[in-house]
Number of protein chains: 2
Amino acid sequence: MTDQTPVSRRAGGRSARKAARAAALPDHMRPIRPGLSGGTYTPLTQEGMEKIHRAALDALEEIGLSEAPASGIAAMEAIGARLGDDGRIRFPRALVEDVLASANRQITLCGRDPANDLDLSGHRVHYGTAGAAVHMVDVDARHYRDSTLQDLHDAARICDTLDNIHFVQRPMVARDITDNREMDLNTIYACVSGTKKHIGTSFTEPSFVPDALEMLHMMAGGEDAWRERPFVSNSNCFVVPPMKFATESCEVMEACIRGGMPVLLLSAGQAGATAPASIAGAIVQAVAECLAGLCYVHAIKPGHPAIFGTWPFVSDLRTGAMSGGSGEQALLSAGCAQMHKFYGLPGGAAAGIADAKLPDMQAGWEQATSNVMAGLAGLNMVYEAAGMHASLLGFCHESLILGDDLIGQALRCVRGIEVTEDNLSLDVMRATCMGGPGHYLGSDQTLGLMQTDYVYPALGDRTSPKEWNENGKPDLIAKATARKEAILATRSPARLPADVDAAIRARFHIHLD
Amino acid sequence: MTDQTPVSRRAGGRSARKAARAAALPDHMRPIRPGLSGGTYTPLTQEGMEKIHRAALDALEEIGLSEAPASGIAAMEAIGARLGDDGRIRFPRALVEDVLASANRQITLCGRDPANDLDLSGHRVHYGTAGAAVHMVDVDARHYRDSTLQDLHDAARICDTLDNIHFVQRPMVARDITDNREMDLNTIYACVSGTKKHIGTSFTEPSFVPDALEMLHMMAGGEDAWRERPFVSNSNCFVVPPMKFATESCEVMEACIRGGMPVLLLSAGQAGATAPASIAGAIVQAVAECLAGLCYVHAIKPGHPAIFGTWPFVSDLRTGAMSGGSGEQALLSAGCAQMHKFYGLPGGAAAGIADAKLPDMQAGWEQATSNVMAGLAGLNMVYEAAGMHASLLGFCHESLILGDDLIGQALRCVRGIEVTEDNLSLDVMRATCMGGPGHYLGSDQTLGLMQTDYVYPALGDRTSPKEWNENGKPDLIAKATARKEAILATRSPARLPADVDAAIRARFHIHLD
């Protein structure tokens, strides 16, 4: 009845696996990779999602949004939205439903290297940076200083080397450039010349977009090549919650849409301040605002790629200040992820934010809680996932590097538990327990799964106290600093070709050496 | 059509709420509390759980367990288990199904104070300590030293003050007591005299149990009072995976059952070493072993309270050493939680373990990942949830205190998103956006939810960089040390009554002053 073949006799299989291990694993067999599917965590019931959806439709029909620019009003009226005497534009539910039915659900965000493309279908999860931090965290000096263009470029270069950072939306502001046009253009340059992964950025004024597109055409090798594979998207705060369009950002959005740039429809309310204090209410408002944004995009260009960016944040209600590291924040982003899938839309939200000022234990638990929950909920784009401190005010290179380890474990959790006949392991249990060695060390299964199923940290320490002592009690942050310095000491493979770079520098004032 | 009543006009409701806030919140209205219900995270499908169940039944029927003591063999044979010529005892599936049908599903773990009782029904989640660390982590000196009885007593005293630590299973070994009998008895004394929460402990030899029961009777005020409300449970490693009974521990278990002590059936395999390397396989083996344990308990005393303690751990397969802080570990414990609920049994598993040697960022992400996932999966007893470092070898008081903050956020996540008409917030959105203040600060809803829905960290820092700088850049660990010293400087309300204490000290050699 039972298979008593000892493990050691099956040497053929074992040596074959050993040979396989000697070669690098093909991408699809790596333990973790971009685009693993979440969806096993569902904080909302189906009924709860339907209630949120209906409340959002009510809000769009009854409250609507104020402050749309003239161009947007004209375009949205043309598809059936109604401008009231109070200046608010309202959306009949039939319009919203039509827009939802025809929305673009097949979005791929391109990298400069196609190997970095992100497929935002289903519950596929991707982690990356984002934000607008104004400080750089100097961990050695325990000091916050103004962030610079070089800091931003360095962040992009670091991200380029980190497997678990899948895209690079600009995480901080180059405060050493005072002219906004030059800042926006140099932001693009600093990111694109640092990484071949997909990039997100924003624009201060609509009039800056044409110059940016000109630069991107040069980087892509012409307008057609750019439009074929736009490797930069526009992170667009099209709304000033509650329920007001951000006039100028909407004009930026129109310009980006016409220029072929994917748009992140970013609604960044703050529960208890600019959004209802209840988690469900903050989600309702974010969903309503993003549905309005989707109608806007549809009115300008049906089917243009738009990411449903419900990014509600949380207030610490004692002070009114933002708290990005709270359980409430983790729930908001996970609940939003579920609403994206309720609509079947590619979506994004914020997670991984630390309120902690430094990459300490608090930062670890804050970043892990929301990153893990966002991933398990199947959030397509997890923005601000690494490096963010002080409730988004500070960015830290060391933390970014450690975040790669943290997100690696989160991705392992997203991958989940595979239950196959092989994995149930009855055969190996029989062979081990009855006449076998009485342990699983060195069994074929163990050796095989070691490479395909287990994630090993790059900097996280798993030594015993004895080994740790013998190693001189290495400090986690010091290890991250050493890694940062090693990365930045190498020549970046993401640099632009010399002729392209020279042409860009001739046409634009580039502040990086 | 729309309600434009400004928020400020509804002053009656607001002043009533202000009055309510002035009073302390009743327990059921606190944002977080012991026994919140998880279950929104389901890493296993129904089909996956059924496959795991069938594989476990196959393993019990075909492989069985070796090494049961004579008393256990006799008892288990009497209910239908079969001893093979190979010394393995096997369990026909009909027997396992009968035992499952009649298992005790109504377990309350008692505290010395009934306010600390734990109801293990449904997906109710409780976090607490556990383990057998042999080192104490001195964070100031970055040093691991032998753990002592005083360290254990201090840990119990600290736990007694922490809202989010719901039970105190002995987390470390009193290495300053060399006699095992005295160590076991003093372990109970050190824990019970430090906290009125439920306690878990273990015994080195079955012959130590009668003395322990005698001490517990003295503490409870007689055997009847003890049996009415047993406030200590036996954490029992009844199995040495794979699929072998731990002979002596089984004898301890029998003695504890007869003494009226609830039993934690603890199966602590290590995936890749003493359990299959696949996550599903490690769960199969743990489930099979705990089902065997449940049959054993049933054979001794049907209906005796037993916690289904599938505690599979993870090997770092590069070294074979344990890794408690990995994503694989988080998945194992969450998957086990789901299996407990598949059977409708009260269950426990390990989470919150750090591989990190110190309470640093790595510790934060390791502890958060598994604690959050265990809670969301609805694990009744989350053991080892705080204070554990170096893959269970070290315990840290500062980390325990910080763990209370971390678990507070995890519990907020477990509580989840309530979708009610009130929470959907359409009325407050209308009042805010149309003719209202244009923000939610100071609204009735915001002020009310501030106390009932938001969790504020005790030591976690949410200040701005500016405030943080003005506050002298406080260090998280230093704050935890100060909190520890403040707790230990106060007289513990959990001390035993003086007469009871004197009687115990007269009867037993108590090593604590």
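Every number here is computed from the coordinates shown, using simple stated rules; none is lab data. Because the structure is a prediction, the values reported are computed rather than measured. Every residue, glycine among them, receives a Cβ derived from its backbone with ideal geometry; neighbour counts consider all protein chains shown.
Some notes on this structure:
- Centroid-to-centroid separation of region B:322-384 and region A:273-308 [C-alpha atoms, Å]: 35 Å
- Taking other residues whose beta carbon is less than 14 angstrom from the beta carbon of A:Ala103, and scoring Lys, Arg as +1 and Asp, Glu as -1, yields +1.
- Dipole check for region B:270-366: with +1 at the C-beta of Lys and Arg, -1 at the C-beta of Asp and Glu, and the Cα centre as origin, the magnitude is about 300 Debye.
- Listed residues B:Leu152, B:Gly408, B:Gly378: farthest to the positive end of the dipole of region B:100-415 (Cβ charges): B:Gly378
- Stokes-Einstein D for chain A, Kirkwood Rh over Cα pairs, 4 °C, 1.567 mPa s (µm²/s): 54 µm²/s
- Over 27 Å (Cα to Cα) - which of B:Lys244/B:Lys301; A:Lys197/A:Lys341; A:Lys357/B:Lys197; A:Lys244/B:Lys466; A:Lys196/A:Lys473; B:Lys244/B:Lys341 fall in this group: A:Lys357/B:Lys197; A:Lys244/B:Lys466; A:Lys196/A:Lys473
- From helices alone, chain B scores -14000 deg cm²/dmol at 222 nm; the rule is -39500 (n - 2.57) for each run of n ≥ 4 DSSP H residues, then divide by the residue total.
- At least 15 Å along the helix axis (C-alpha) and Kyte average at least 1.6, DSSP helices within chain A: A:279-300
- Options B:Leu265, A:Ser315, B:Gln367, ranked by Cα towards positive dipole end of the protein assembly as shown, top entry (Cβ charges): B:Leu265
- Chain B versus the axis that turns it onto chain A: the residue with the nearest Cβ and the distance in whole Å amount to B:Gly364, 1.
- Dipole size of the protein assembly as shown about its Cα centre, with +1 on Lys/Arg Cβ and -1 on Asp/Glu Cβ: approximately 320 debye, rounded to the nearest 20.
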